[in-house]
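Comments concern the structure below.
The values are calculated or read from the model by the stated rules, or taken from the named source; none is laboratory data. These figures come from a predicted structure and were not determined experimentally. Ideal geometry is used to build each Cβ from the backbone, glycine not excepted, and the neighbour counts take in all protein chains shown. These accessible areas exclude ligands, DNA and RNA; they are computed on the full protein's heavy atoms, side chains included. Shrake-Rupley method; radii C 1.70, N 1.55, O 1.52, S 1.80 Å.
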Amino acid sequence: MAGRQRIVIVEDHTILRDGLRALLSSNPDFEVVGEAGDGREAVIRVEELSPDLVLLDLSLPRRHGLDAIHEMKRSRPQTRILVLTVHKNEEYILAALKAGADGYVLKEASHQELEMAIRTVVSGKRYLSPDVSDLVIEGYLEGKKAPKAESGFEALTPREREILKLIAEGYTSRQIASQLFISLKTVERHRANLMKKLDRHGISALTSLALEKGLIAP
């Protein structure tokens, strides 16, 4: 690993973001060049700074982490992205990798594992926490034994997941349109698609699913 690795931290909880910055800044091989507290700001920071690596949570306001990963990889494909999250289920892991993440680490990991993950990812390789790797392998083996149909939630696009999260957080269609800079008609179309794909009708049913899948905190 040549030179100091320029890192942008994306985490909506200030105390966690401060802790990560302090931890990474104590390592002479790492340099924290920027931070973001939401998905939309993260995309802007990456476009501005072109960091070597983005350390990113998935549950972010304003733009979901999966959508942010996709946008960052589109604008700066050379930037490596390491997900750091509490979400420990196959759906999230596969969705993050599909969106373009280069690694996936759980927040329960030690700081030694986090540093190893960063070094692995910036070297051009992928890194998955051991528990995450086990889940992916088990899912693959289960799929080989008995192929299962993609669930409605797995079939959601990053934008649909983002809108589902906002609906579950209590935002109206008009507020969502304003926040995401899209038309009210587009939001209503996404809302209808969500209900159709998920076979859940009404805000309470969508909110219940969002809680179940970890999109919002209970």
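One table, with the values for the structure above:
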| read-out | value |
| --- | --- |
| Count of the stretch 1-53 residues which are open to solvent by less than 50 Å² (accessible area, probe 1.4 Å) and touching a Leu at 6+ places or on another chain (Cβ under 7 Å) | 15 |
| Single condition D18 does not satisfy, out of (1) under 13 Å from the mean Cα position of the chain (by Cα); (2) modelled with pLDDT of 95 or more | (1) |
| Candidate set: the stretch 183-218, residues that are modelled with pLDDT of 90 or more and among the β-branched types (V, I, T); chosen: the one least open to solvent (accessible area, probe 1.4 Å) | V187 |
| Residue under evaluation L49, criteria (1) over 21 Å from S129 (Cα atoms); (2) modelled with pLDDT under 95, criterion not met | (2) |
| Among the residues listed as V54, V43, the single one being under 22 Å from I216 (Cα atoms), touching a residue at least 12 places away in the same chain (Cβ under 8 Å) and over 9 Å from the mean Cα position of the chain (by Cα) | V43 |
| Within the stretch 70-178, helices (runs of 4 or more DSSP H) holding 2 or more residues that are open to solvent by 30 Å² or more (accessible area, probe 1.4 Å), at pLDDT 85 or above and within 18 Å of E11 (Cβ to Cβ) | 111-122 |
